[in-house]
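Input: a single structure, listed below in structure tokens.
The values are calculated or read from the model by the stated rules, or taken from the named source; none is laboratory data. Since the model is a prediction, treat every value here as computed from it, not as a measurement. Cβ placement follows ideal geometry from the backbone for every residue including glycine, while neighbour counts extend to all protein chains displayed.
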Amino acid sequence: MIRALIIDDEQHAREELELLVQETGAFEILGSCANAIDALRRIRTEKPELLFLDIQMPVLNGFELLAMIEDELMPHVVFVTAYDEHALKAFEEKTLDYLLKPVSRERLLKTVNKVRETIRRGEPPYYQVEPLRHIPCQFANRIKLIPAADVEYVYSDLTGIHLVTSEGQFFTELTLKVLEERTPLLRCQRQFLVNPDKIDEIKLLENGLAELKTQLGHILPVSRRYLRQLKVRLKL
Amino acid sequence: MYLVFELLQQTAVIIVIAYLFSKSPAMDYLSGAKLQRRQLLVLYIIFSLFSILGTYTGLPIQGAIANTRAIGAVLAGLIGGPVLGLSVGLTAGLHRFSLGGFTAFSCGVSTTVEGLIGGLVYLYLVRRKKPEQLFHPFVAFSTTLIAEVLQMSIILALARPFGDAVALVKVIAVPMVCANSVGAALFISMIRDQKRVRDKVGARFSSKAFTVADRTLGILSQGFSSETAREMVEIIRQETGVGAVAITDRREILAFSGIGADHHHAGNPVVTKWSKEALLENRVVFANGYDEHFQCPLAETCPIGSVLVVPLQVDQEVVGTISLYEPKTKLFLNINRSFGEGLATLYSHQLLRSRFEEQKSLLVQSELKLLQAQVNPHFLFNALNTIMAIVRKDADQARELLMQLSNFFRTNLKRKRDTVTLEEELAHISSYLEIEKARFGERLTVNQEIDPALLTLQIPVFTLQPLIENAIKHGIADLLDHGQIWVRAYRQLGLVVIEVEDNAGHYSKPIDTQGLGMRLVDQRIKNIYGNEYGLIVDCEPQQKTLVQVRLPLSEELINDSCVNH
């Protein structure tokens with residue numbers, strides 16, 4: 001049984017796909033999600049092997065969801081779309097398979113075989129994802145998209161990951177690792193990322209440590225380990 | 001006394017010369033514009049000859065000549081400036097010198113000086129920005145008077161023996177001063193009158209041309225047909241007063257008005273050789289009535305004697321002609337000839353413009369038709385996917401949705417008319433919205449607020465669909481939940497407003513086919529109703545996108561709204 005998650009913003013489409021996938025008997029359905037943020041949470045907790053992923057979704061589309069998943073959690077992906085417009089052409093080689101809505105049983109069986117084959121070979125799924133230009137944040141029952149360039153710095157604490165911008169702090173589901181890999185933000189300490197464009201000054205301390213002052217006047221710690229990387233990245 | 005009479009006779013000669021001058025092409029030079037070198041040369045020759053003629057028609061008195069030589073020199077200076085005055089004065093002066101006599105030298109000098117005086121007055125008036133005074137008879141009179149008094153002084157100063165000079169001046173001074181001054185004044189007055197007549201004719205001609213253009217261009221912009229041609233020939237004939245006017249297309253007479261209308265009918269084929277020539281060779285054909293007579297091939301008794309045929313063309317291609325006719329008893333005025341030619345050029349430009357407008361509007365129409373016939377694949381496949389899911393749970397609802405889908409595509413495919421009632425257009429988009437409501441479930445609510453009086457309003461077909469599609473695709477589909485669409489139709493300040501609003505506020509300058517649809521809808525409304533109507537988009541990011549269609553409020557709806565409110 002392949003552990004699969006279904007992601008589609010339309011209720012009827014989700015239900016229909018669930019039924020079809022169930023009928024094949026090849027999958028254990030972990031659940032179905034109506035949006036990318038919900039899906040990201042489920043991927044973290046359930047760790048599915050396969051996603052049936054709709055491309056056209058509100059706020060964050062299928063490609064953007066992939067960009068938010070950490071590499072080690074990345075499942076195999078079967079894209080599902082109503083109309084092959086342009087995106088899939090370029091994506092065809094990189095994706096495992098894609099289905100066109102309405103999905104036929106015969107076509108789905110082919111996908112099942114393909115997925116089984118791939119999983120047996122044990123190839124880790126790898127998708128070349130786009131850099132994140134916007135970081136989705138929870139904001140009073142809405143998802144607010146903060147441009148990565150607006151972020152001053154990011155820190156993590158017990159409650160989660162927080163973005164600091166000139167407009168305030170925002171909570172995000174994304175991990176520091178994903179943010180470090182997919183945005184221009186740089187790691188300066190285990191719990192901090194900083195936007196290199198927002199650094200005002202770097203103060204070198206004793207024993208190889210340093211402090212950063214951002215343009216808004218926040219002081220961030222720099223650990224010995226990341227100071228070296230920071231210097232290289234900033235060409236100091 | 002005898003002398004005064006003789007000199008008066010000479011002034012008669014001057015008037016004749018002035019008359020001839022005013023009829024010559026040289027008259028055109030006196031328009032007030034700065035004179036060209038060529039024109040100055042022509043004036044130099046004319047006034048020199050005029051001045052020399054004054055010497056020859058003079059009377060020999062006591063070894064000298066009483067004459068009107070001064071007029072040519074002074075006027076040359078007045079009209080052409082110091083250089084021309086001096087040149088004419090010197091030429092006539094040298095000529096006088098060559099004739100000999102005891103005043104030969106003094107007269108030669110004084111004529112030159114007189115030309116110069118005219119030129120100085122010219123300079124003075126031009127510098128004082130009063131050039132129109134140059135053609136005032138009083139100015140000519142005074143200038144010549146002063147010049148002649150000066151001449152007498154010069155004779156007294158230079159001619160020897162002095163005694164003879166005094167005796168001569170006593171005899172000729174008064175008659176010559178009078179005759180020359182009066183002669184110059186008469187000459188100028190003659191020219192001035194001719195100038196006035198010409199200006200008046202020019203002004204009347206221009207105003208007539210403007211009236212005709214103004215009255216006919218609007219008619220022509222409705223198209224080149226026998227109806228518009230009929231109105232146009234009437235106006236042209238009224239305004240120009242020619243015997244008859246005709247407009248033809250390439251094959252037949254579209255309209256004819258005036259003399260000979262009993263046998264020249266609209267609908268007759270083009271038969272006269274003049275019209276055929278104009279059509280075939282694309283040039284103006286003119287039979288003036290005396291070198292070449294118009295001969296009517298239809299009736300012996302046709303009163304028409306002369307004709308001007310001007311081709312009407314669009315893009316170098318002849319599409320018809322305008323003909324002006326005069327009866328045998330009347331001359332074809334030159335002014336009507338240039339008028340006819342100008343009018344045809346104007347109409348040709350207007351026809352080109354109309355054709356351009358028409359093609360532009362046709363293009364918009366056909367693009368819209370194409371867009372309308374195109375199946376929007378996203379809509380179709382999502383709809384089918386939704387219905388397939390619903391079939392499992394609720395066969396009746398699925399049936400209902402399939403019905404809506406087939407209605408929607410049927411209307412899109414078979415609409416032949418250019419306009420539909422608002423009610424029909426609303427029914428069409430409601431099929432679309434029913435399917436989208438099933439697809440989005442609770443994520444979409446549709447609200448309609450329609451003024452019932454507007455349901456019968458005729459609107460261009462396919463006006464609302466692009467707006468609704470846009471609101472769904474770039475609005476509702478982008479919202480996680482609580483998507484709302486409002487469709488409203490109401491009357492406001494002499495307008496009919498039909499609007500579609502969504503609560504997404506995601507409108508951005510559209511570049512895809514949906515945006516093309518909205519642009520075409522806007523373009524078509526502007527083509528039909530005018531630039532003050534069309535689409536208006538108002539977007540508050542994250543709040544709402546409001547697209548308004550503004551149409552003119554028709555008469556009956558205005559009355560109706562008065563009753564209601």
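Summary of computed values
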item	result
Candidate set from the range B:437-468 (those that are within 14 Å of chain A (Cβ to nearest Cβ) and on the phi < 0 side of the Ramachandran plot); member that is surrounded by the fewest Cβ atoms within 10 Å (Cβ to Cβ)	B:Glu442
So B:Phe286, is it surrounded by 16 or more Cβ atoms within 10 Å (Cβ to Cβ), touching a His at 6+ places or on another chain (Cβ under 6 Å), in the same structural domain as B:Val309 (by TED's automatic domain parsing) and of a type outside the set (Val, Ile, Thr)	no
Single condition B:Arg160 does not satisfy, out of (1) in a helix (DSSP H, G or I); (2) touching a residue at least 24 places away in the same chain (Cβ under 8 Å)	(1)
Residue satisfying condition, being part of a helix (DSSP H, G or I), buried (at least 20 other Cβ atoms within 10 Å of the Cβ) and more than 13 Å from every other protein chain (Cβ to nearest Cβ), within set A:Leu40, A:Leu51	A:Leu40
Flag for A:Lys203 being in a strand (DSSP E or B), loosely packed, with under 13 Cβ neighbours inside 10 Å and either among the β-branched types (Val, Ile, Thr) or without any contact (Cβ under 8 Å) to a residue 40 or more places away in the chain (or both)	yes
Number of the condition not met by A:Glu15 [criteria: (1) without any contact (Cβ under 8 Å) to a residue 60 or more places away in the chain; (2) over 24 Å from B:Phe381 (Cβ atoms)]	(2)
Scope the range A:7-17; condition within 13 Å of another protein chain (Cβ to nearest Cβ) and not in a loop (DSSP other than H, G, I, E, B); matching residues	A:Gln11, A:His12, A:Ala13, A:Arg14, A:Glu15, A:Glu16, A:Leu17
Tally, over the range A:206-227, of residues that are part of a helix (DSSP H, G or I) and not aliphatic (A, V, I, L, M)	6
Checking A:Gln11 against (1) touching a Gly at 6+ places or on another chain (Cβ under 7 Å); (2) modelled with pLDDT under 90, the condition it does not meet	(2)
Test: residue in the range B:193-211 that is outside any helix (DSSP H, G or I), under 29 Å from B:Arg353 (Cα atoms) and within 35 Å of the chain's Cα centre (by Cα)	no
Some residue of the range B:72-82 being out of contact with any Gly (no Cβ under 6 Å at 6 or more places or on another chain), in a helix (DSSP H, G or I) and not small (Gly, Ala, Ser)	yes
Test: residue in the range B:430-451 that is of a type outside the set (Gly, Ala, Ser) and in contact with a His (Cβ under 6 Å, 6 or more places away or on another chain)	no
Helices (runs of 4 or more DSSP H) (entirely within the range A:55-173) containing at least 3 residues that are buried (at least 18 other Cβ atoms within 10 Å of the Cβ)	A:62-67, A:105-121
Hits in the range B:511-541 (condition: at pLDDT 85 or above, more than 35 Å from the chain's Cα centre (by Cα) and not aliphatic (A, V, I, L, M))	B:Asp538, B:Cys539, B:Glu540, B:Pro541
Looking only at the range B:476-510, and only at residues there that are within 14 Å of chain A (Cβ to nearest Cβ) and under 22 Å from B:Glu425 (Cα atoms), the one that is modelled with the lowest pLDDT	B:Ile476
Hits in the range A:18-36 - residues which are assigned to a helix (DSSP H, G or I) and more than 9 Å from chain B (Cβ to nearest Cβ)	A:Glu18, A:Leu20, A:Val21, A:Gln22, A:Glu23, A:Thr24, A:Ala36
Among (1) surrounded by fewer than 21 Cβ atoms within 10 Å (Cβ to Cβ); (2) within 48 Å of the chain's Cα centre (by Cα) - the single one B:Val177 does not satisfy	(2)
Verdict on B:Gly183 being at pLDDT 80 or above and in a helix (DSSP H, G or I)	yes
B:Arg392 in contact with a Leu (Cβ under 9 Å, 6 or more places away or on another chain), exposed (fewer than 13 other Cβ atoms within 10 Å of the Cβ) and not assigned by TED's automatic domain parsing to the domain that holds B:Val242	yes
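Matching residues to (1) modelled with pLDDT of 90 or more; (2) under 49 Å from the mean Cα position of the chain (by Cα):
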{"site": "B:Leu59", "(1), (2)": "no, no"}
{"site": "B:Gly63", "(1), (2)": "no, no"}
{"site": "B:Asn67", "(1), (2)": "no, no"}
{"site": "B:Gly72", "(1), (2)": "no, yes"}
{"site": "B:Gly80", "(1), (2)": "no, yes"}
{"site": "B:Val88", "(1), (2)": "yes, yes"}
{"site": "B:Arg96", "(1), (2)": "no, no"}
{"site": "B:Phe102", "(1), (2)": "no, no"}
{"site": "B:Gly108", "(1), (2)": "no, no"}
